[in-house]
Amino acid sequence: MFDIGVNLTSTQFAADRDKVVKRAREAGVTGILITGTNALESQQAQRLAERQPDFCWSTAGVHPHHASEWSNETANTLRRLAERPQVVAIGECGLDFNRNLAAHDQQEYAFDAQLALAAELNMPVFLHCREAHDRFAAVLAPWLPKLPGAVVHCFTGTREELEACLAMGLSVGITGWVCDERRGMALRDMLPLIPADRLLLETDAPYLLPRDMHPRPASRRNEPCFLPHIVQQVAKWRGEEQDALAAQVDRNARALFRLA
């Protein structure tokens with residue numbers, strides 16, 4: 001089982017990053033993709049991945065919250081990072097009209113620029129979309145024929161948005177959001193709609209600790225070692241065997257990110 005979304009650069013992991021990775025290995029996780037969310041953290045993610053060869057890889061990108069930071073220098077930094085073997089996708093990039101930490105026009109500009117970079121480098125993209133589906137799809141659609149693959153990370157949208165993402169050929173990342181009885185029930189019901197070869201799983205650690213874990217860690221910090229719980233629950237709700245699903249999502253991640 002492969003965790004496609006771990007924010008290992010987070011300060012919440014500052015004291016024990018190596019132990020976090022060790023616990024993930026011991027829990028049966030087969031690989032980790034470390035998320036880059038701006039130029040600095042993308043560099044940090046690459047260096048962390050370099051320390052764990054054949055188990056950790058990273059993305060290089062600018063999250064919509066950081067879109068105002070986009071510049072030619074940022075683009076050049078991402079381009080240089082993409083030459084490193086650990087960097088296997090451009091992103092996290094996209095649109096977030098929920099928190100609006102950057103202006104919409106800045107978000108769209110940075111998103112389009114990263115899609116152009118991914119097309120230039122023939123790399124898959126790691127996507128973010130929150131309460132921005134129509135504009136997200138409009139910016140993304142012209143680039144899709146030029147991209148080798150894409151995953152919409154931490155999907156939490158509506159059924160119509162899921163169907164639109166699938167129609168565009170996107171893979172779909174599912175987190176412990178589906179384990180939340182307060183806000184994840186609609187997504188839980190949609191799980192069977194996702195084709196087996198387009199489903200990816202992730203913790204989004206240290207965020208989105210599954211609410212139905214018992215006992216829950218005292219720290220309330222999510223970790224990639226909790227991915228087996230998400231696999232177990234998603235398998236149950238999809239009516240599949242846990243081991244088969246774990247193997248399937250590992251294959252899907254390795255195919256999308258072109259890992260050996």
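Brief remarks on what is shown
- Global geometry of the stretch 112-197, whether rounded, prolate or oblate, following the gyration tensor of its Cα atoms and the 1.5 cut on a/c: prolate
- Residues of the chain: accessible area per residue with a 1.4 Å probe, Å²: 42
- FRET efficiency, ARG258 to ARG182 (Cβ-Cβ, R0 51 Å, nearest 0.05): 0.85
- Peptide ranges 176-182, 147-153 listed from the most packed, as the mean C-beta count within 10 angstrom indicates: 147-153, 176-182
- Förster radius 41 Å - calculated FRET efficiency between ARG221 and GLU69 (Cβ-Cβ, nearest 0.05): 0.95
- Rounded to whole Hz, the Karplus (6.51, -1.76, 1.60) HN-Hα couplings of the stretch 233-246, x for glycine and proline: 5, 5, 4, 4, 6, 8, x, 10, 6, 4, 5, 5, 5, 4
- Peptide packing for 109-115, 221-227 was compared via the average number of neighbouring C-beta atoms within 10 Å per residue; ordered from the highest value, the list is 221-227, 109-115.
- Share of carbon and sulfur in the accessible heavy-atom surface of the stretch 75-128 [1.4 Å probe, %]: 44
- Projecting the Cα atoms of ASN98, ALA39, PRO145 onto the charge dipole of the stretch 1-150, computed from C-beta unit charges around the Cα centre, puts ALA39 farthest toward the positive end.
The values are calculated or read from the model by the stated rules, or taken from the named source; none is laboratory data. This is a predicted model, so every value here is computed, not measured. Cβ sites come from the backbone with ideal geometry, for glycine too, and all protein chains shown count toward neighbours. Each accessible area value is taken on the protein alone, full model and side chains, heavy atoms only, with ligands, DNA and RNA left out. Shrake-Rupley method; radii C 1.70, N 1.55, O 1.52, S 1.80 Å.
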